[in-house]
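Peer 1: Below you'll find the structure I mean.
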Protein chains: 2
Amino acid sequence: MAKKITSPAEDFSRWYLDVIREAELADTAPVRGCMIIRPYGYAIWENMKASLDRRFKQTGHSNAYFPLFIPQSFITKESEHVEGFAPELAMVTHGGGKELEEPLAVRPTSETIINHMFSKWINSYRDLPMLLNQWANVVRWEMRTRPFLRTTEFLWQEGHTAHATEEEAREETMRMLGVYEDFAREDAAIPVVAGLKTESEKFAGAVDTYAIEAMMRNGWALQSGTSHYLGTNFARAFDTRFLDSDNEQKYVHQTSWGVSTRLVGALIMAHGDEHGLRLPPSLAPVQTVIVPIFRSDDDRTRVLGKAAEIRGRLADAGVRVKLDDTEGASPGFKFNHWEVRGVPLRLELGPRDLEEGHVMASPRNRPGREGKFTIPMEGLAERVVERLDAIQAEMLEEATEYRDSRTYEIDSYDQLVQQLPQKPGFYRVWWAGGDEEEQRMKEETKATVRCIPLDRPGGSGKCFMTGRETDRKAIVARAY
Amino acid sequence: MAKKITSPAEDFSRWYLDVIREAELADTAPVRGCMIIRPYGYAIWENMKASLDRRFKQTGHSNAYFPLFIPQSFITKESEHVEGFAPELAMVTHGGGKELEEPLAVRPTSETIINHMFSKWINSYRDLPMLLNQWANVVRWEMRTRPFLRTTEFLWQEGHTAHATEEEAREETMRMLGVYEDFAREDAAIPVVAGLKTESEKFAGAVDTYAIEAMMRNGWALQSGTSHYLGTNFARAFDTRFLDSDNEQKYVHQTSWGVSTRLVGALIMAHGDEHGLRLPPSLAPVQTVIVPIFRSDDDRTRVLGKAAEIRGRLADAGVRVKLDDTEGASPGFKFNHWEVRGVPLRLELGPRDLEEGHVMASPRNRPGREGKFTIPMEGLAERVVERLDAIQAEMLEEATEYRDSRTYEIDSYDQLVQQLPQKPGFYRVWWAGGDEEEQRMKEETKATVRCIPLDRPGGSGKCFMTGRETDRKAIVARAY
């Protein structure tokens, strides 16, 4: 079984696809660039959704649902927006057997149709702020696709808010970036870097785009969520105005922000190892699996009875637990089955363990014999909960160390050119470049400016490409 | 405000649209036949989803996600299926600026693409049963649309299962019909009638279709959920076979079943009254609203302080509670605001109530002064929880009485023709008719056979149209 997964050191891309196949996360669809999210992969997404949705509601947002189809004319109203999205649209031209008068775009994102409705719903400053979110599917006709990371159709949430002032809208933009950062750290155990995107990488129609950037285990970056300050760009295009308390008509200031099923890809590549997935307990569909071990029928009855009791105790303690009592599969087969699927903690229970009054525990993040330890039956549930919390913390710690050990401070562009191919990672550089420098960098090194981290270093230095003095540091990296 | 809602007795269709507008459940989209589900309407759908999803998981189903787009050739593989759905398809013909080689249908339902994947995933009897569900949007190009009841795009869940034998698949079909019936009764407080659809009304591609039929408050029926036994129809079209334990290759037996945002329409029309929505506590986004009443600043502080304390106590008891402390709105305005939105229980709190140590309670299902009663501060949360349970039960009881009082046993078709226009309702008739009789009935009375209830009367009688002896009774009604 283990041989079915290519070594990540040997070929990271193949390893990624192997893990998705062997852990049954997704499958290729019979439609170009689309994927099927299989139950185990979807269960991870459901856990992500539940955590994010709770965070969105805690920050005052309500969910709503807007149409899948957007009239072509809407997309063209905001000039930068149409430039960015027109080449990626899927168009419905026929409905009910007839050609449509106006083709409909399958939504690539919903700023336009939502602004159309905002114009109707928002009249007075009393209607503000308007804080909405939508869980939906979107379609972008991508040339090169890769499961979870970039697919023609994907699932996401898109927050859309309208505010009376720029200040409030900018606060909201940063608040939601913070929500994403916190979710990534606390639930996904991924220590993302939050920062501002450069002009060339910002959302089509935004004034400013902020993102969280995660480091994958090949040293590449993955943009894992974005939060945009849209200014009054869409408000002007759709005439979204309100009567302010000073009796003047004003355009609303807006934000939008989103994360997608791409996060599942981030989880795979930020934590996985040569044996397959490794899931942080907070998002794992199965947090603890119990594998019973027996030979005789007599042992079978005793072991399965105790295993069922343990399952009950763990479930009562709020643990997502699975007892693998599949017939006709060896313990070794089951160990591998759940290891590939990244279950954080495995409990083994055999006749000897019964006699000695404990279970054997094997944490996924400390593979092999060294990681194993026993847990006494007494207080078992409490110990398992503690252990899961510890695994969650250890995974964040490990990912942070990994990221930090592959973050390099360099002064010159030459260093990047020479070092990057051997040492992929986050390169922190003084940055005062523009489109031209970014283009050159991309062509020569395939790296891009991922973001200008919010966490400013202080002081100043010379831009590593232009030599201009600047107080901004950027992170440069290869990215998906 | 009340005048904004047409009397349901005067014009039920206008009343329905008025309620949707005034309760801010949905809005018209700038795309033909589509709607926007606004936050309050979406919150009802979220509560429905949560309850249904829990029931699906309890019965062993896992969620997955299949593509929005289905190759045209897939739809045509099952002959009845294509006949039923081809006229309603929205077709994507262009993607990324180019014409596609094969047009893609926007899914009207997913039997075809799911069967394509089942053929890949199912090899042995050990892979069965396969029990999947999908929460998704679907598109059907409908000629006449009405918010929630029939829209071009709608949200739904579609269960898809594959089994080794017909018996197991038929059991599953009935199990899920039972889940829907139970959900309708227990959560939506709607006493649906579960039964078999006639040949002409069954799902395109099914062997048998079962449905739950609800009675609306104008005496019309609304099909509120369906469960299909598909036999081996799709398995044959997609070659979905498995190696059985007897070492023979066999086709799987399948089911599919679904409910949609149409259920929100059912809720509105099964319970609403001249003042607006009436929501059963189980599905209400806000179960209890607290309206503080005061004039002086001094009273304001005391009343709001106590109201906040009550909110806390109710929230701790698991009640979805809202304290309406909006400034500048009168208590009367607030009463009406939440009445239109169907909040099951309103608590009023003024200085006098504070002194007397109670709150004034006003249940939505007993409007006016007669329904009001006081609840002492002590044990308030327990009393509110009890009261909400009572309202839930009363609403089901009222809906059941309403349905039963409009269910008529008749012997002749003439009776139907004469009575139906004045007395819309469920007509129980002996039924041995076929397509021809159904067609005639529809043309002459606009009524249709809603279902052959599972709950058989026993005995036999003469079909009310053909005169043939039969042991089957059907329900005939006008329907949406």
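The values are calculated or read from the model by the stated rules, or taken from the named source; none is laboratory data. Predicted model, so just to flag it, every value in this text is computed and none were measured. A quick note on method: Cβ atoms are made from the backbone with ideal geometry, for glycine too, and the neighbour counts reach across all protein chains shown.
Peer 1: Could you check the stretch B:67-81 and list, in sequence order, the residues that are modelled with pLDDT of 90 or more and farther than 18 Å from A:Phe69 by Cα?
Peer 2: If the condition is that a residue be modelled with pLDDT of 90 or more and farther than 18 Å from A:Phe69 by Cα, then B:Pro71, B:Gln72, B:Ser73, B:Phe74, B:Ile75, B:Thr76, B:Lys77 are the ones that fit.
Peer 1: Name, by its number, the condition in (1) buried (at least 18 other Cβ atoms within 10 Å of the Cβ); (2) among the aliphatic types (A, V, I, L, M); (3) farther than 30 Å from A:Leu388 by Cα that does not hold for A:Met143.
Peer 2: Of everything listed in (1) buried (at least 18 other Cβ atoms within 10 Å of the Cβ); (2) among the aliphatic types (A, V, I, L, M); (3) farther than 30 Å from A:Leu388 by Cα, A:Met143 misses just condition (1).
Peer 1: Also: Restricting to the stretch A:143-168, name every residue that is in a strand (DSSP E or B) and within 22 Å of A:Trp121 (Cβ to Cβ). Spell out the reasoning first.
Peer 2: The initial filter retains those residues of the stretch A:143-168 that are in a strand (DSSP E or B), namely A:146, A:150, A:153-163.
Residues satisfying the conditions are A:Gln157, A:Glu158, A:Gly159, A:His160, A:Thr161, A:Ala162, A:His163.
Peer 1: Could you tell me which of the residues A:Ser73, A:Ser51 is surrounded by fewer than 18 Cβ atoms within 10 Å (Cβ to Cβ), in contact with a strand residue (DSSP E or B) (Cβ under 8 Å, 6 or more places away or on another chain) and farther than 17 Å from A:Ser256 by Cα?
Peer 2: The match here is A:Ser73.
Peer 1: Hey, could you check the stretch B:117-129 for residues that are surrounded by fewer than 23 Cβ atoms within 10 Å (Cβ to Cβ) and in contact (Cβ under 8 Å) with a residue 40 or more places away in the chain and say which is nearest to B:Ser13 (Cα to Cα)?
Peer 2: Per the criteria, the residue is B:Pro129.
Peer 1: When you scan the stretch B:429-448, how many residues do you find that are basic (Lys, Arg) and over 23 Å from the mean Cα position of the chain (by Cα)?
Peer 2: Summing the residues that are basic (Lys, Arg) and over 23 Å from the mean Cα position of the chain (by Cα) in the stretch B:429-448 gives 2.
Peer 1: Among the residues of the stretch A:114-142, count how many are within 12 Å of chain B (Cβ to nearest Cβ) and either aromatic (Phe, Trp, Tyr) or in a loop (DSSP other than H, G, I, E, B) (or both).
Peer 2: 6
Peer 1: Further, regarding this structure: Please enumerate the residues belonging to the stretch B:316-332 that are buried (at least 18 other Cβ atoms within 10 Å of the Cβ), under 19 Å from B:Thr301 (Cβ atoms) and not charged (D, E, K, R).
Peer 2: Selection gives B:Leu323 alone.
Peer 1: Any residue at all in the stretch B:436-445 that is in the same structural domain as B:Lys423 (by TED's automatic domain parsing), outside any helix (DSSP H, G or I) and surrounded by fewer than 19 Cβ atoms within 10 Å (Cβ to Cβ)? Explain how you work it out, then say what you get.
Peer 2: First, the residues of the stretch B:436-445 that are in the same structural domain as B:Lys423 (by TED's automatic domain parsing): B:436-445.
Cutting the leftovers down to outside any helix (DSSP H, G or I) gives us none.
Looking through the stretch B:436-445, none of the residues is in the same structural domain as B:Lys423 (by TED's automatic domain parsing), outside any helix (DSSP H, G or I) and surrounded by fewer than 19 Cβ atoms within 10 Å (Cβ to Cβ).
Peer 1: Separate question: Specify the residue that is farthest from B:Thr165 (Cα to Cα); the eligible residues are those in the stretch B:231-284 that are among the hydroxyl-bearing types (Ser, Thr, Tyr) and touching a strand residue (DSSP E or B) at 6+ places or on another chain (Cβ under 8 Å).
Peer 2: B:Thr261
Peer 1: Looking only at residues that are β-branched (Val, Ile, Thr) and in a loop (DSSP other than H, G, I, E, B) in the stretch A:169-222, which one is surrounded by the fewest Cβ atoms within 10 Å (Cβ to Cβ)?
Peer 2: Of the stretch A:169-222, the ones β-branched (Val, Ile, Thr) are A:173, A:179, A:190, A:192-193, A:198, A:207, A:209, A:212.
The next check asks that each one be in a loop (DSSP other than H, G, I, E, B); those that pass are A:190, A:192, A:198, A:207.
Details: A:Ile190: 28, A:Val192: 28, A:Thr198: 20, A:Val207: 18.
Looking at the filtered set, the residue picked out is A:Val207.
Peer 1: Let me ask another. Hey, could you check the stretch B:21-30 for residues that are crowded, with 18+ Cβ neighbours inside 10 Å and more than 10 Å from chain A (Cβ to nearest Cβ) and say which is nearest to B:Ala105 (Cα to Cα)?
Peer 2: So the residue we want is B:Leu25.
Peer 1: Filter the stretch A:225-237 for residues that are over 14 Å from A:Asn123 (Cβ atoms) and among the hydrophobic types (A, V, I, L, M, F, W, C) and give the result.
Peer 2: Hits for the stretch A:225-237 are A:Leu230, A:Phe234, A:Ala237.
Peer 1: Could you figure out which of (1) more than 21 Å from B:Arg126 (Cβ to Cβ); (2) part of a helix (DSSP H, G or I) isn't true of A:Ile375?
Peer 2: (2)
Peer 1: Considering only the stretch B:254-298, how many residues are outside any loop (DSSP other than H, G, I, E, B), modelled with pLDDT of 95 or more and more than 30 Å from B:Ser227 (Cα to Cα)?
Peer 2: 7
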